[in-house]
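One structure below.
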Amino acid sequence: MGPPASALVVHVLLSLFLLVSSFPPQSTLSFDEGQNLFPSWRTLNSLPVSSLGSYRRPCSADRLPFEDMQNGSSDIMFMAEQSSFVEWLKFVRRSVHENPELAFEEFHTSALIRRELDNIGVSYRWPVAGTGVVASIGSGKPPFVALRADMDALPIQERVEWAHKSKTAGKMHACGHDAHVAMLLGAANLLKRRVEKLQGTVLLIFQPAEEGATGAMRMIEEGALGQAEAIFALHVSHAQPTGVVGLRAGPVLAGCGFFKAIVIGKGGHGAIPQNTIDPIAAASSIVQSLQHVVARESNPFDAQVVSVTMLDGGTAFNVIPDSVVIGGTFRAFTAEKFEALRRRIKEVIMKQAEVHRCKAEVDFLEETFPFSPPTVNDIHLNEYVKKVAGGVVGSQNVVEVKPMMGAEDFAFYTRVIPGVIYFLGIRNETCGSVHSPHSPLFSIDESVLHVGAALHAAIAEQYLEQARGSDNVQATQVMPP
């Protein structure tokens, strides 16, 4: 005769309790350790951010109740929809767009930001990282939350013909950073008008040099985060219709590295190639072989990219050159795969050069373009942004996006404190806003500017409100693996 039914029930319940308790609670750190997403970044000698991210700051994120957010979002959106506010945002965005400036050269843009902050009545610290600005609104006391916008342009000749086309030849805001600046200034305006509702302090980070030039690291090194316990940013996206918010918990953007190689041979007349060592042939073989690193050596379900984007060699039709330069980028979502790509890129270049009797020198450009880690959105904060965004644009206009192979130096902030970067749709065929970032035809549906400003303001204001009523999580030391 078996045990009584009551004993069986107790046994089953006890087993379930032990099973559930054996799983750790999910947090941002689980992506670092539990899923092997760049757990060894701090062991990469080439990563200058090795001293960052050693400690998890006190943060309210994991205990925020996230309740009663609808009214605040609606009030902020109503303010943002006023015609005078909308026209001012357009003026700001167009002023920045007409005067594009490359990384760490954003002098006009920085001056414009400071002028508008002065007009709004918001205090700020400048210079930070050369041209950066960090403004603050609120009580000046904890909790602190940060919002970030990048402000640099790209070395691209604009081909969009409109009244506010770039006035600087060869430079263009082709990634939406002009809109990001306008939106964050818009948030400053909205938050200043609602300052009595801020139960803490909002930091507004206007960051230079996002485009592969270590801007975020410089801002962190110079104290831009202050006492912030969480950080949020948005990026315009042609992948979603205007006003639609896209977000994703966990890894959302890839880790990124660059490479450059010089293939060295022996030049000579093209009519007598037997007297030369042809670097063109070697470089051609290298380019083809690099395509196989992902196509034939990686799992199709494990997203990786190796792209050769640069090939320079020879100046005459009948002369085989002494050398050829090739270069490109590689992307992955995990430390293991990223390091494997790095190793194989070098192996392929060196060995293929040797096969063709050439020599090769490979440079991963760590000094100029440090490896960028993947951008990993905090799980709990992502859910929070989803709820706030639903209050601003309607829950039907909030969608989950797939991981993308693009990279963002916002990732460096999230190595220090938890954060979320989300995407605001600008796709509108009627106004030509359909081209992808970094295209000379890139343009923006400006009707989204006030939406971005409202999202920034609502996320910051309601974060402080929720955090104020919660107990802070104690700082947890994260030991390097």
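The values are calculated or read from the model by the stated rules, or taken from the named source; none is laboratory data. Note that the structure is a prediction, hence the values are computed from the model and not measured. With ideal geometry, Cβ positions are generated from the backbone for all residues, glycine too; neighbour counts draw on all protein chains shown.
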Inset, instruction - Consider Asp363 carefully, then state whether it is crowded, with 24+ Cβ neighbours inside 10 Å and of a type in the set (Asp, Glu). - result: no
Legend entry - All positions within segment 295-327 that are over 24 Å from Val376 (Cα atoms), in contact with a Ser or Thr (Cβ under 8 Å, 6 or more places away or on another chain) and small (Gly, Ala, Ser): Gly313, Gly327
Inset, instruction - Go over the candidates Phe410, Phe423, Phe442 one by one and state the one that is surrounded by 19 or more Cβ atoms within 10 Å (Cβ to Cβ) and farther than 25 Å from Asn189 by Cα. - result: Phe442
Legend entry - Matching entry among Val399, Val385 (being part of a strand (DSSP E or B), of a type in the set (A, V, I, L, M, F, W, C) and in the same structural domain as Ser74 (by TED's automatic domain parsing)): Val399
Inset, instruction - Would you mind stating whether Gly226 is outside the structural domain of Thr309 (by TED's automatic domain parsing), out of contact with any helix residue (DSSP H, G or I) (no Cβ under 6 Å at 6 or more places or on another chain) and not in a strand (DSSP E or B)? - result: yes
Inset, instruction - Inspect segment 245-259 for any residue being closer than 24 Å to Val92 by Cα, touching a strand residue (DSSP E or B) at 6+ places or on another chain (Cβ under 6 Å) and surrounded by 23 or more Cβ atoms within 10 Å (Cβ to Cβ) and give the result as yes or no. - result: yes
Legend entry - Boolean, Ala188 is outside any helix (DSSP H, G or I) and either within 19 Å of the chain's Cα centre (by Cα) or surrounded by 21 or more Cβ atoms within 10 Å (Cβ to Cβ) (or both): no
Legend entry - segment 274-332: number of residues that are of a type outside the set (Lys, Arg) and outside any strand (DSSP E or B): 36
Legend entry - Residue that is farthest from the chain's Cα centre (by Cα), among those in segment 343-382 that are in a strand (DSSP E or B) and modelled with pLDDT of 95 or more: Lys359
Inset, instruction - Go through (1) over 28 Å from Gly406 (Cα atoms); (2) surrounded by 22 or more Cβ atoms within 10 Å (Cβ to Cβ) one by one and return the number of the condition Ile349 breaks. - result: (1)
Legend entry - Matching option when the condition is basic (Lys, Arg) and buried (at least 19 other Cβ atoms within 10 Å of the Cβ), among Lys386, Lys402: Lys386
Legend entry - Elements of type strands (runs of 3 or more DSSP E) contained in segment 84-181, each with 1 or more residues being out of contact with any Lys or Arg (no Cβ under 9 Å at 6 or more places or on another chain), farther than 20 Å from Ala216 by Cβ and free of Cβ contacts under 8 Å to residues at least 40 places away in the same chain: 123-128
Inset, instruction - Note down all Cβ pairs under 6 Å where the first residue falls in segment 278-290 and is over 20 Å from Ala340 (Cα atoms), the second is of a type outside the set (Gly, Ala, Ser) and part of a loop (DSSP other than H, G, I, E, B), and they're at least six residues apart or on different chains. - result: Pro279/Cys358; Ala281/His356; Ala282/His356; Ala282/Cys358
Inset, instruction - Determine whether Val355 is in contact (Cβ under 8 Å) with a residue 40 or more places away in the chain and touching a His at 6+ places or on another chain (Cβ under 8 Å). - result: no
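This table checks each residue for (1) of a type outside the set (Gly, Ala, Ser); (2) modelled with pLDDT of 95 or more.
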site: Asn189; (1), (2): yes, yes
site: Leu225; (1), (2): yes, yes
site: Ser237; (1), (2): no, yes
site: Thr242; (1), (2): yes, yes
site: Arg248; (1), (2): yes, yes
site: Pro251; (1), (2): yes, no
Inset, instruction - Could you tell me whether segment 360-370 includes any residue that is in contact (Cβ under 8 Å) with a residue 40 or more places away in the chain and at positive phi? - result: yes
Inset, instruction - Scan segment 324-352 and report the pairs whose first residue is assigned by TED's automatic domain parsing to the domain that holds Ala282 and whose second residue is among the basic types (Lys, Arg) and surrounded by fewer than 18 Cβ atoms within 10 Å (Cβ to Cβ), with Cβ atoms within less than 9 Å and a gap of 6+ or a chain change. - result: Val325/Lys260; Ile326/Lys260; Gly327/Lys260; Gly328/Lys260; Met350/Lys359
